[in-house]
2 protein chains.
Amino acid sequence: MTASLVAGLEPPYYTAVFTSVRPDDPEGYAATNARMREIVAELPGFLGYESARTPGGIGITVAYFRDIESLDAWRDNDEHRAAKRRGREHWYESYSVHIGKVERSYGFVRN
Amino acid sequence: MTASLVAGLEPPYYTAVFTSVRPDDPEGYAATNARMREIVAELPGFLGYESARTPGGIGITVAYFRDIESLDAWRDNDEHRAAKRRGREHWYESYSVHIGKVERSYGFVRN
């Protein structure tokens, strides 16, 4: 679980918003998810991610990338492609991906 | 709680990603949040939102807008500005906002 936010991002950068509906703890999901986090963290241009999931509701993960090339490298990664295939076959009822170029961002941290 | 995903979005559109850390159920939050959902739903150009929150972890809300003008109208709404001020004073430990223009999106729905 991520309990703090990705900070210090300077536009422009890219967000990959992944929203999904799936059962709470499907077989095989946790190990694959952990492996995906390892792989993406090693990619040049990866800036971090945040993930939240309402029990019984939807999940949202946001991954941050410096440029579209690093995001495409993640999309095309072989292990990632295989994981997405397993996800469609076994885990997800539905998901959406929204790739956006961020031109504006701001934040707040309590003193 | 949103249990299904916003569907049928055709690029280009905008995502406002709001990520936050706050206590689980702070006083006054739920009513303000419900009111904000009413207001934003009436704005021209608002396309929908999704929200997820890991208990004890972070929350992520993604709001979808047709164009930057509708997103700016939401940012500048008086009630919304007052709610953000209360959020900084009382509710949030930290938050970030990332405004992105979506050029690519895709999804999956199980048959």
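Report the full-extension gain for the segment B:Phe18 to B:Ile68: residue separation times 0.36 nm, less the Cα-Cα distance, to one decimal in nm.
Difference between extended and current length: 16.4 nm.
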Checklist entry - Separation between the A:Ser4 and A:Glu103 pseudo-spin-labels, each 7 Å from Cα along Cα→Cβ, expressed in nm? => result 3.2 nm
Item to check | Relative contact order computed over chain B (Cα-Cα under 8 Å; 6+ residues apart), in percent | outcome: 44 percent
Item to check | Other copies of A:Glu93: label-to-label distances in nm, shortest first, labels 7 Å along the beta-carbon direction | outcome: 3.1
Item to check | Average partner coverage of B:16-22, which counts Cβ from other chains inside 10 Å | outcome: 5
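Around B:Met36, what is the net charge, scoring Lys/Arg as +1 and Asp/Glu as -1 over all other residues with Cβ under 10 Å from its Cβ? Walk me through the numbers on the way to the answer.
Details: positive: B:Arg35, B:Arg37, B:Lys84; negative: B:Glu38, B:Glu79.
Charge balance in the 10 Å sphere: +1.
Across peptide B:70-76, what mean number of C-beta atoms from other chains lies inside 10 Å of a residue's C-beta?
On the way: counts 0, 1, 0, 0, 0, 1, 0.
Whole-number average of other-chain Cβ neighbours for B:70-76 is 0.
Rounded to the nearest 5, what % of the DSSP beta bridges within the protein assembly as shown are antiparallel ones? Show your work: numbers first, answer last.
Working: 61 of 61 bridges.
Beta bridges within the protein assembly as shown, antiparallel portion: roughly 100 percent.
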Checklist outcome for this item: The local net charge around A:Ser105, scoring Lys/Arg +1 and Asp/Glu -1 for residues other than A:Ser105 whose Cβ lies under 14 Å from its Cβ, equals +2
Next on the checklist: In whole Hz and in residue order, list the ³J(HN,Hα) couplings for segment A:62-75 that follow from phi through the Karplus curve 6.51 cos²θ - 1.76 cosθ + 1.60, θ = phi - 60°; x for Gly and Pro.
Outcome noted: 10, 10, 10, 9, 5, 8, 5, 5, 5, 5, 5, 5, 5, 4
Checklist entry - Which whole-angstrom value gives the distance between the alpha carbon centres of segment B:23-76 and segment A:95-109? => result 14 Å
Checklist outcome for this item: Taking a label point 7 Å from the Cα of A:Asp76 along Cα-to-Cβ, the residues of segment A:36-63 whose backbone nitrogen sits under 17 Å from it are A:40, A:43-46
Checklist entry - Which chain A residue puts its Cβ closest to the axis that rotates A onto B, and at what distance in whole Å? => result A:Gly100, 1
Checklist entry - For label points placed 7 Å from Cα toward Cβ, what is the shortest-first list of nm distances from B:Arg104 to its copies? => result 2.5
Item to check | Ascending list, in nanometres, of distances separating the B:Ala82 label from those of the other copies (7 Å, Cα toward Cβ) | outcome: 5.7
Checklist entry - So what's the angle, to the nearest 10 degrees on a 0 to 90 scale, between helix A:29-41 and the longest Cα principal axis of chain A? => result 30 degrees
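Only the coordinates and a few stated rules stand behind these numbers; no lab work does. The model shown is predicted, which means the values in this text are computed figures rather than measured ones. Using ideal geometry, Cβ is built from the backbone for each residue, glycine included, and neighbour counts are taken over all protein chains shown.
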